[in-house]
Amino acid sequence: MSEQTSNLSRRAFVGTAATIGAILALDPQTAFAVTAAEKQAEADEVKGQLVSLQADLERASSQYYGALEEKDAAEASMQQEQVKIDEANTQIAALKGRLSERAVSMYRTGPGGFLDFLLGASSFQQLSQNWDLLNRANDEDARLVEETKQQKRALQDAKDEFARQKDIAAAKADEAATIRAQVEVRVAESQKLLNSLSAEARELLEQEQAAAAAAAAEQAAREAAAEAARNARQNAGGGGNGGGGWGGGAPSYTPSYDYGGSPGDYSAVVGYAMSRIGSPYVWGAGGPDAFDCSGLVTWAYAQIGVSLPHYSESLFAAAKRRVPVSEARPGDVLYRCQHVGIAVSHGGAHYVHAPTFGALVRDTDSLSWSNFTHALQF
(Lines give C-alpha, C1' and ligand atoms only; values in the text may rest on other atoms or scores of the structure.)
Protein backbone atom coordinates (compact mmCIF):
# COMPACT_ATOMS: atom_id res chain seq x y z
CA MET A 1 0.00 0.00 0.00
CA SER A 2 2.84 2.40 0.83
CA GLU A 3 4.36 1.86 -2.62
CA GLN A 4 1.01 2.43 -4.31
CA THR A 5 0.53 5.75 -2.58
CA SER A 6 4.10 7.04 -2.46
CA ASN A 7 3.12 9.85 -4.83
CA LEU A 8 0.80 11.11 -2.08
CA SER A 9 3.53 11.71 0.50
CA ARG A 10 3.63 14.79 2.63
CA ARG A 11 5.99 16.38 0.12
CA ALA A 12 3.67 15.71 -2.80
CA PHE A 13 2.36 19.24 -2.98
CA VAL A 14 5.64 21.14 -2.86
CA GLY A 15 5.90 21.39 -6.64
CA THR A 16 2.25 22.24 -7.10
CA ALA A 17 2.07 24.75 -4.27
CA ALA A 18 5.32 26.51 -5.20
CA THR A 19 3.24 28.66 -7.52
CA ILE A 20 1.30 29.97 -4.54
CA GLY A 21 4.47 30.83 -2.66
CA ALA A 22 5.54 33.07 -5.54
CA ILE A 23 2.18 34.79 -5.95
CA LEU A 24 3.18 38.17 -4.60
CA ALA A 25 6.45 38.20 -6.55
CA LEU A 26 4.85 38.00 -9.99
CA ASP A 27 5.58 40.65 -12.58
CA PRO A 28 2.24 42.33 -13.42
CA GLN A 29 1.11 42.95 -16.96
CA THR A 30 0.96 46.50 -18.17
CA ALA A 31 -2.64 47.62 -18.42
CA PHE A 32 -4.40 50.59 -19.88
CA ALA A 33 -5.07 53.57 -17.66
CA VAL A 34 -8.16 53.33 -15.49
CA THR A 35 -9.73 55.58 -12.94
CA ALA A 36 -8.70 55.44 -9.29
CA ALA A 37 -12.06 53.93 -8.40
CA GLU A 38 -11.65 51.19 -10.98
CA LYS A 39 -8.13 50.44 -9.75
CA GLN A 40 -9.42 50.18 -6.20
CA ALA A 41 -12.26 47.92 -7.28
CA GLU A 42 -9.84 45.69 -9.16
CA ALA A 43 -7.52 45.48 -6.16
CA ASP A 44 -10.40 44.79 -3.78
CA GLU A 45 -11.74 42.01 -5.99
CA VAL A 46 -8.36 40.31 -6.18
CA LYS A 47 -7.84 40.75 -2.45
CA GLY A 48 -11.16 39.07 -1.74
CA GLN A 49 -10.33 36.17 -4.00
CA LEU A 50 -6.90 35.74 -2.42
CA VAL A 51 -8.48 35.67 1.04
CA SER A 52 -10.91 33.05 -0.23
CA LEU A 53 -8.00 31.07 -1.65
CA GLN A 54 -6.19 31.12 1.70
CA ALA A 55 -9.30 29.85 3.47
CA ASP A 56 -9.66 27.10 0.88
CA LEU A 57 -6.02 26.11 1.29
CA GLU A 58 -6.35 25.93 5.07
CA ARG A 59 -9.36 23.65 4.76
CA ALA A 60 -7.64 21.59 2.08
CA SER A 61 -4.53 21.27 4.22
CA SER A 62 -6.56 19.94 7.15
CA GLN A 63 -8.43 17.54 4.90
CA TYR A 64 -5.30 16.39 3.11
CA TYR A 65 -3.23 15.68 6.20
CA GLY A 66 -6.26 14.17 7.88
CA ALA A 67 -6.69 11.80 4.94
CA LEU A 68 -3.01 10.88 4.99
CA GLU A 69 -3.09 10.21 8.72
CA GLU A 70 -6.15 8.00 8.35
CA LYS A 71 -4.42 6.19 5.49
CA ASP A 72 -1.31 5.68 7.62
CA ALA A 73 -3.44 4.47 10.53
CA ALA A 74 -5.22 2.00 8.25
CA GLU A 75 -1.90 0.70 6.93
CA ALA A 76 -0.63 0.32 10.51
CA SER A 77 -3.79 -1.64 11.35
CA MET A 78 -3.19 -3.82 8.30
CA GLN A 79 0.27 -4.65 9.64
CA GLN A 80 -1.20 -5.53 13.03
CA GLU A 81 -3.82 -7.75 11.44
CA GLN A 82 -1.15 -9.43 9.34
CA VAL A 83 0.72 -10.30 12.54
CA LYS A 84 -2.50 -11.82 13.90
CA ILE A 85 -2.99 -13.75 10.66
CA ASP A 86 0.54 -15.14 10.82
CA GLU A 87 0.18 -16.08 14.49
CA ALA A 88 -3.19 -17.77 13.89
CA ASN A 89 -1.78 -19.76 10.96
CA THR A 90 1.13 -20.88 13.12
CA GLN A 91 -1.18 -21.94 15.95
CA ILE A 92 -3.53 -23.77 13.59
CA ALA A 93 -0.63 -25.65 12.01
CA ALA A 94 0.63 -26.72 15.45
CA LEU A 95 -2.83 -27.83 16.57
CA LYS A 96 -3.40 -29.76 13.36
CA GLY A 97 -0.08 -31.49 13.91
CA ARG A 98 -1.05 -32.59 17.40
CA LEU A 99 -4.49 -33.76 16.26
CA SER A 100 -2.90 -35.66 13.40
CA GLU A 101 -0.57 -37.42 15.84
CA ARG A 102 -3.56 -38.41 18.00
CA ALA A 103 -5.45 -39.69 14.97
CA VAL A 104 -2.49 -41.83 13.88
CA SER A 105 -2.12 -43.17 17.41
CA MET A 106 -5.81 -44.06 17.64
CA TYR A 107 -5.72 -45.72 14.22
CA ARG A 108 -2.74 -47.87 15.16
CA THR A 109 -4.22 -48.79 18.51
CA GLY A 110 -7.65 -49.58 17.13
CA PRO A 111 -10.77 -50.18 19.23
CA GLY A 112 -9.36 -53.43 20.51
CA GLY A 113 -6.37 -51.69 21.95
CA PHE A 114 -8.56 -49.50 24.15
CA LEU A 115 -10.52 -52.54 25.36
CA ASP A 116 -7.32 -54.38 26.12
CA PHE A 117 -6.08 -51.31 27.99
CA LEU A 118 -9.22 -51.27 30.16
CA LEU A 119 -9.86 -54.99 30.56
CA GLY A 120 -6.24 -55.79 31.11
CA ALA A 121 -6.33 -54.08 34.50
CA SER A 122 -5.36 -56.39 37.33
CA SER A 123 -7.47 -54.59 39.90
CA PHE A 124 -10.44 -52.31 40.17
CA GLN A 125 -8.13 -49.47 41.17
CA GLN A 126 -6.04 -49.93 38.04
CA LEU A 127 -9.22 -50.13 35.94
CA SER A 128 -10.37 -46.83 37.42
CA GLN A 129 -7.00 -45.24 36.72
CA ASN A 130 -7.00 -46.48 33.12
CA TRP A 131 -10.52 -45.13 32.64
CA ASP A 132 -9.44 -41.73 33.95
CA LEU A 133 -6.48 -41.72 31.57
CA LEU A 134 -8.76 -42.39 28.60
CA ASN A 135 -11.16 -39.64 29.70
CA ARG A 136 -8.31 -37.17 30.01
CA ALA A 137 -7.07 -38.13 26.56
CA ASN A 138 -10.56 -37.59 25.14
CA ASP A 139 -10.86 -34.25 26.92
CA GLU A 140 -7.50 -33.19 25.49
CA ASP A 141 -8.64 -34.18 22.01
CA ALA A 142 -11.82 -32.14 22.44
CA ARG A 143 -9.81 -29.17 23.70
CA LEU A 144 -7.49 -29.34 20.70
CA VAL A 145 -10.47 -29.43 18.34
CA GLU A 146 -12.14 -26.44 20.04
CA GLU A 147 -8.90 -24.46 20.13
CA THR A 148 -8.43 -25.14 16.43
CA LYS A 149 -11.93 -23.82 15.74
CA GLN A 150 -11.22 -20.67 17.79
CA GLN A 151 -7.96 -20.04 15.94
CA LYS A 152 -9.75 -20.44 12.61
CA ARG A 153 -12.37 -17.90 13.70
CA ALA A 154 -9.61 -15.52 14.82
CA LEU A 155 -7.88 -16.03 11.48
CA GLN A 156 -11.03 -15.16 9.55
CA ASP A 157 -11.68 -12.10 11.74
CA ALA A 158 -8.13 -10.88 11.12
CA LYS A 159 -8.49 -11.42 7.37
CA ASP A 160 -11.79 -9.52 7.34
CA GLU A 161 -10.30 -6.62 9.30
CA PHE A 162 -7.24 -6.59 7.06
CA ALA A 163 -9.49 -6.28 4.01
CA ARG A 164 -11.52 -3.51 5.67
CA GLN A 165 -8.43 -1.51 6.56
CA LYS A 166 -7.07 -2.01 3.06
CA ASP A 167 -10.26 -0.50 1.64
CA ILE A 168 -9.97 2.44 4.06
CA ALA A 169 -6.34 3.05 3.08
CA ALA A 170 -7.22 3.00 -0.61
CA ALA A 171 -10.17 5.35 -0.09
CA LYS A 172 -8.05 7.82 1.89
CA ALA A 173 -5.33 7.72 -0.75
CA ASP A 174 -7.96 8.54 -3.37
CA GLU A 175 -9.30 11.32 -1.15
CA ALA A 176 -5.83 12.85 -0.84
CA ALA A 177 -5.37 12.64 -4.61
CA THR A 178 -8.71 14.40 -5.15
CA ILE A 179 -7.73 17.19 -2.77
CA ARG A 180 -4.45 17.60 -4.63
CA ALA A 181 -6.27 17.93 -7.94
CA GLN A 182 -8.62 20.54 -6.46
CA VAL A 183 -5.68 22.54 -5.13
CA GLU A 184 -4.00 22.47 -8.54
CA VAL A 185 -7.15 23.98 -10.05
CA ARG A 186 -7.27 26.73 -7.41
CA VAL A 187 -3.59 27.51 -7.89
CA ALA A 188 -4.06 27.80 -11.65
CA GLU A 189 -7.04 30.12 -11.14
CA SER A 190 -5.03 32.36 -8.81
CA GLN A 191 -2.09 32.41 -11.21
CA LYS A 192 -4.38 33.51 -14.01
CA LEU A 193 -6.01 36.13 -11.79
CA LEU A 194 -2.72 37.69 -10.76
CA ASN A 195 -1.35 37.61 -14.28
CA SER A 196 -4.30 39.77 -15.33
CA LEU A 197 -3.84 42.30 -12.52
CA SER A 198 -2.83 45.77 -13.69
CA ALA A 199 0.29 47.42 -12.28
CA GLU A 200 -1.75 50.15 -10.62
CA ALA A 201 -4.15 47.74 -8.95
CA ARG A 202 -1.21 45.56 -7.93
CA GLU A 203 0.39 48.51 -6.18
CA LEU A 204 -2.84 49.27 -4.34
CA LEU A 205 -3.15 45.63 -3.27
CA GLU A 206 0.40 45.58 -1.92
CA GLN A 207 -0.22 48.82 -0.05
CA GLU A 208 -3.36 47.36 1.54
CA GLN A 209 -1.50 44.20 2.52
CA ALA A 210 1.31 46.21 4.07
CA ALA A 211 -1.21 48.30 6.01
CA ALA A 212 -3.01 45.17 7.19
CA ALA A 213 0.27 43.65 8.36
CA ALA A 214 1.16 46.80 10.28
CA ALA A 215 -2.29 46.95 11.88
CA ALA A 216 -2.11 43.29 12.84
CA ALA A 217 1.32 43.74 14.40
CA GLU A 218 0.07 46.77 16.34
CA GLN A 219 -2.95 44.81 17.56
CA ALA A 220 -0.70 41.94 18.65
CA ALA A 221 1.49 44.37 20.58
CA ARG A 222 -1.56 45.88 22.30
CA GLU A 223 -2.85 42.43 23.23
CA ALA A 224 0.56 41.44 24.60
CA ALA A 225 0.73 44.61 26.70
CA ALA A 226 -2.81 44.08 27.99
CA GLU A 227 -2.01 40.47 28.81
CA ALA A 228 1.12 41.48 30.70
CA ALA A 229 -0.90 44.02 32.69
CA ARG A 230 -3.56 41.43 33.53
CA ASN A 231 -0.91 38.97 34.64
CA ALA A 232 0.75 41.61 36.81
CA ARG A 233 -2.56 42.43 38.50
CA GLN A 234 -3.33 38.74 38.92
CA ASN A 235 0.06 38.04 40.49
CA ALA A 236 -0.27 41.05 42.79
CA GLY A 237 -3.67 39.79 43.93
CA GLY A 238 -2.37 36.32 44.72
CA GLY A 239 -3.86 34.55 41.71
CA GLY A 240 -7.54 34.21 40.94
CA ASN A 241 -9.62 33.26 37.97
CA GLY A 242 -8.55 35.96 35.56
CA GLY A 243 -8.81 35.82 31.82
CA GLY A 244 -5.28 36.27 30.50
CA GLY A 245 -3.68 34.36 27.72
CA TRP A 246 -6.47 33.17 25.51
CA GLY A 247 -6.92 36.09 23.10
CA GLY A 248 -10.03 37.88 21.95
CA GLY A 249 -13.27 35.95 22.08
CA ALA A 250 -11.69 33.20 24.18
CA PRO A 251 -12.88 31.82 27.52
CA SER A 252 -12.49 34.06 30.57
CA TYR A 253 -10.73 31.30 32.52
CA THR A 254 -7.22 29.91 32.13
CA PRO A 255 -7.41 26.14 32.47
CA SER A 256 -4.37 23.92 32.09
CA TYR A 257 -5.04 20.53 30.58
CA ASP A 258 -2.67 17.64 31.36
CA TYR A 259 -2.87 14.60 29.09
CA GLY A 260 -0.24 12.42 30.73
CA GLY A 261 3.53 12.50 30.99
CA SER A 262 5.86 15.37 31.69
CA PRO A 263 6.37 17.76 28.77
CA GLY A 264 9.99 18.22 27.76
CA ASP A 265 12.12 21.33 27.43
CA TYR A 266 12.27 21.92 23.70
CA SER A 267 13.68 25.44 23.69
CA ALA A 268 16.39 24.19 21.32
CA VAL A 269 13.86 24.14 18.48
CA VAL A 270 13.69 27.94 18.58
CA GLY A 271 17.11 28.35 16.99
CA TYR A 272 16.27 25.93 14.20
CA ALA A 273 12.95 27.65 13.50
CA MET A 274 14.53 31.11 13.54
CA SER A 275 17.17 29.91 11.08
CA ARG A 276 14.40 29.41 8.52
CA ILE A 277 13.23 33.04 8.59
CA GLY A 278 12.97 34.24 5.01
CA SER A 279 12.03 30.82 3.61
CA PRO A 280 8.89 30.89 1.44
CA TYR A 281 5.52 29.59 2.56
CA VAL A 282 4.55 26.70 0.28
CA TRP A 283 1.42 24.72 0.98
CA GLY A 284 2.21 21.16 2.03
CA ALA A 285 5.95 21.79 2.36
CA GLY A 286 7.97 20.49 5.30
CA GLY A 287 11.41 22.00 4.71
CA PRO A 288 14.23 22.49 4.62
CA ASP A 289 13.82 25.36 2.16
CA ALA A 290 10.04 25.93 2.11
CA PHE A 291 7.33 25.39 4.71
CA ASP A 292 3.69 25.59 5.58
CA CYS A 293 2.83 26.41 9.19
CA SER A 294 2.85 22.87 10.57
CA GLY A 295 5.74 21.94 8.30
CA LEU A 296 7.94 24.51 10.06
CA VAL A 297 6.98 23.08 13.46
CA THR A 298 7.60 19.45 12.51
CA TRP A 299 10.89 20.29 10.77
CA ALA A 300 12.23 22.27 13.74
CA TYR A 301 11.31 19.53 16.20
CA ALA A 302 12.78 16.87 13.92
CA GLN A 303 16.16 18.61 14.16
CA ILE A 304 16.32 17.63 17.85
CA GLY A 305 15.03 14.11 17.21
CA VAL A 306 11.36 14.65 18.08
CA SER A 307 8.77 13.39 15.59
CA LEU A 308 5.50 15.31 15.46
CA PRO A 309 2.56 15.01 13.03
CA HIS A 310 2.46 17.40 10.07
CA TYR A 311 -1.09 18.60 10.73
CA SER A 312 -2.17 21.36 13.12
CA GLU A 313 -5.16 19.47 14.53
CA SER A 314 -3.07 16.35 15.11
CA LEU A 315 -0.48 18.47 16.90
CA PHE A 316 -3.27 19.65 19.18
CA ALA A 317 -4.38 16.07 19.83
CA ALA A 318 -0.83 14.81 20.43
CA ALA A 319 0.16 17.44 23.01
CA LYS A 320 0.91 16.21 26.53
CA ARG A 321 -0.34 19.52 27.92
CA ARG A 322 -2.44 22.34 26.47
CA VAL A 323 -2.07 25.55 28.39
CA PRO A 324 -3.00 29.22 27.94
CA VAL A 325 -0.71 31.16 25.65
CA SER A 326 0.42 33.22 28.65
CA GLU A 327 2.01 30.02 30.04
CA ALA A 328 3.94 29.28 26.85
CA ARG A 329 7.63 28.46 27.13
CA PRO A 330 10.27 28.93 24.41
CA GLY A 331 9.84 26.05 21.97
CA ASP A 332 6.19 25.39 22.79
CA VAL A 333 3.86 25.14 19.81
CA LEU A 334 1.37 28.01 19.62
CA TYR A 335 -1.98 26.88 18.24
CA ARG A 336 -5.19 28.22 16.85
CA CYS A 337 -7.60 26.31 14.66
CA GLN A 338 -5.71 25.34 11.49
CA HIS A 339 -2.58 27.38 12.25
CA VAL A 340 0.51 26.89 14.42
CA GLY A 341 3.76 28.65 15.27
CA ILE A 342 6.64 28.29 17.74
CA ALA A 343 6.98 30.42 20.86
CA VAL A 344 10.32 32.24 21.07
CA SER A 345 9.73 33.90 24.44
CA HIS A 346 7.92 33.04 27.65
CA GLY A 347 4.27 34.03 27.26
CA GLY A 348 4.29 33.58 23.48
CA ALA A 349 4.30 37.29 22.56
CA HIS A 350 7.45 36.62 20.53
CA TYR A 351 7.10 33.74 18.09
CA VAL A 352 8.14 32.48 14.67
CA HIS A 353 5.78 31.03 12.08
CA ALA A 354 5.04 30.48 8.40
CA PRO A 355 2.02 32.76 8.11
CA THR A 356 0.34 32.30 4.73
CA PHE A 357 0.86 31.82 1.00
CA GLY A 358 2.87 34.51 -0.72
CA ALA A 359 4.65 35.29 2.55
CA LEU A 360 7.93 34.25 4.14
CA VAL A 361 8.68 32.53 7.43
CA ARG A 362 8.84 35.45 9.84
CA ASP A 363 9.36 36.60 13.37
CA THR A 364 6.23 37.94 15.13
CA ASP A 365 4.65 39.49 12.05
CA SER A 366 1.13 38.25 12.41
CA LEU A 367 -0.54 39.18 9.13
CA SER A 368 -3.74 38.69 11.12
CA TRP A 369 -3.06 34.96 11.57
CA SER A 370 -1.61 35.01 15.08
CA ASN A 371 -4.70 34.78 17.27
CA PHE A 372 -3.34 31.73 19.06
CA THR A 373 -5.57 30.13 21.67
CA HIS A 374 -3.30 27.50 23.24
CA ALA A 375 0.31 26.64 23.88
CA LEU A 376 0.98 22.97 23.18
CA GLN A 377 3.65 21.14 25.17
CA PHE A 378 5.07 17.75 24.17
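The values are calculated or read from the model by the stated rules, or taken from the named source; none is laboratory data. It should be emphasised that the depicted structure is a prediction, and the values quoted were computed from it without experimental measurement. Cβ sites come from the backbone with ideal geometry, for glycine too, and all protein chains shown count toward neighbours.
Which condition number in (1) farther than 21 Å from Asp56 by Cβ; (2) of a type in the set (Ser, Thr, Tyr); (3) crowded, with 22+ Cβ neighbours inside 10 Å is the one that Ser345 fails?
Going through the list (1) farther than 21 Å from Asp56 by Cβ; (2) of a type in the set (Ser, Thr, Tyr); (3) crowded, with 22+ Cβ neighbours inside 10 Å, Ser345 breaks only (3).
Would a scan of the range 312-329 turn up a residue that is assigned to a loop (DSSP other than H, G, I, E, B), closer than 21 Å to Ala226 by Cα, in the same structural domain as Val297 (by the TED database) and among the polar types (S, T, N, Q)?
Step one: list which residues in the range 312-329 are assigned to a loop (DSSP other than H, G, I, E, B), which gives 319-320, 324, 328-329.
Now narrow it down to the ones that are closer than 21 Å to Ala226 by Cα: 324, 328-329.
Checking the rest, the ones that are also in the same structural domain as Val297 (by the TED database) come to 324, 328-329.
Of the ones still in play, those that are also among the polar types (S, T, N, Q) are none.
No; the residues of the range 312-329 include none that is assigned to a loop (DSSP other than H, G, I, E, B), closer than 21 Å to Ala226 by Cα, in the same structural domain as Val297 (by the TED database) and among the polar types (S, T, N, Q).
Pick out the one residue from Ser252, Ser262, Ser307 that is in a loop (DSSP other than H, G, I, E, B), among the small types (Gly, Ala, Ser) and at pLDDT 85 or above.
Working: Ser252 fails: at pLDDT 85 or above; Ser262 fails: at pLDDT 85 or above.
Sole residue among the options that is in a loop (DSSP other than H, G, I, E, B), among the small types (Gly, Ala, Ser) and at pLDDT 85 or above: Ser307.
Given the conditions (1) surrounded by 15 or more Cβ atoms within 10 Å (Cβ to Cβ); (2) of a type in the set (S, T, N, Q); (3) touching a strand residue (DSSP E or B) at 6+ places or on another chain (Cβ under 7 Å), and given that Asn195 satisfies all but one, which numbered condition is not satisfied?
(1)
Can you tell me which residue within the range 296-317, out of those that are touching a Lys or Arg at 6+ places or on another chain (Cβ under 8 Å) and either at positive phi or in contact (Cβ under 8 Å) with a residue 60 or more places away in the chain (or both), is surrounded by the fewest Cβ atoms within 10 Å (Cβ to Cβ)?
Residues of the range 296-317 touching a Lys or Arg at 6+ places or on another chain (Cβ under 8 Å): 296, 299-300, 310, 316.
If we keep only those that are either at positive phi or in contact (Cβ under 8 Å) with a residue 60 or more places away in the chain (or both) too, we end up with 296, 310, 316.
Working: Leu296: 27, His310: 24, Phe316: 18.
Restricting to residues being touching a Lys or Arg at 6+ places or on another chain (Cβ under 8 Å) and either at positive phi or in contact (Cβ under 8 Å) with a residue 60 or more places away in the chain (or both), the top hit is Phe316.
Against the definition (assigned to a loop (DSSP other than H, G, I, E, B), small (Gly, Ala, Ser), modelled with pLDDT under 65 and closer than 22 Å to Ser312 by Cβ), how does Gly240 come out, yes or no? Lay out the reasoning, then the answer.
Numbers: assigned to a loop (DSSP other than H, G, I, E, B): yes; small (Gly, Ala, Ser): yes; modelled with pLDDT under 65: yes; closer than 22 Å to Ser312 by Cβ: no.
Against the criterion (assigned to a loop (DSSP other than H, G, I, E, B), small (Gly, Ala, Ser), modelled with pLDDT under 65 and closer than 22 Å to Ser312 by Cβ), Gly240 does not qualify.
I'd like the residue in the range 45-82 that is of a type outside the set (A, V, I, L, M, F, W, C) and without any contact (Cβ under 8 Å) to a residue 24 or more places away in the chain and, out of all such residues, is nearest to Gly286 (Cα to Cα). Don't jump to the end; show me each part of the working.
If we filter the range 45-82 for residues that are of a type outside the set (A, V, I, L, M, F, W, C), which is where we start, we get 45, 47-49, 52, 54, 56, 58-59, 61-66, 69-72, 75, 77, 79-82.
Filter once more, keeping what is without any contact (Cβ under 8 Å) to a residue 24 or more places away in the chain: 45, 48, 52, 72, 79-80.
Numbers: Glu45: 31, Gly48: 28, Ser52: 23, Asp72: 18, Gln79: 27, Gln80: 29 Å.
If we take residues in the range 45-82 being of a type outside the set (A, V, I, L, M, F, W, C) and without any contact (Cβ under 8 Å) to a residue 24 or more places away in the chain, then Asp72 is nearest to Gly286 (Cα to Cα).
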